[in-house]
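These notes concern the structure reproduced below.
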Amino acid sequence: MHQWKAWKRASARIKGLLKLGASKRDAYRWAHSSKGYIRAAQGWILSTTLTLEELKRRGYRGFMDTYYWKKKRAQTTLF
């Protein structure tokens, strides 16, 4: 949802989706969608193009990665 919201305009959304490998037709349709940010983020176009691997490549950490890192750090500082 954060990335979809960062692409504020339809033209930026089209460019972003095309870079991720979406077809021109699908990118145009989804960029001009009237759905809100959460519904668009849960749609099939973002779930197939903006995958977890792509987010990790861009430097985003998921909840589980952050939790594991904090848990491991807390265990090493106790003793």
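Extension gain LYS56-SER23, at 0.36 nm per residue separation less the Cα-Cα distance, in nm?
Details: separation 33, 0.36 × 33 = 11.88 nm, distance 2.28 nm.
So the extension gain works out to 9.6 nm.
For the stretch 4-21, take each phi angle, set θ = phi - 60°, evaluate the Karplus expression 6.51 cos²θ - 1.76 cosθ + 1.60, and give the result in whole Hz per residue in order, putting x for glycine and proline.
Those phi angles translate into 4, 6, 5, 7, 5, 9, 4, 5, 5, 5, 5, 4, x, 5, 5, 5, 7, x Hz.
Taking 7 Å along the Cα-to-C-beta vector as the label spot, tell me the HIS32-ALA6 distance in nanometres, rounded to one decimal.
2.6
Read the figures in this text as sums done on the coordinates, not as results from a lab. All values reported here derive from a predicted model rather than from experimental measurement. Don't worry about glycine lacking a Cβ; one is built from the backbone with ideal geometry, like all the others, and counts go over all protein chains shown.
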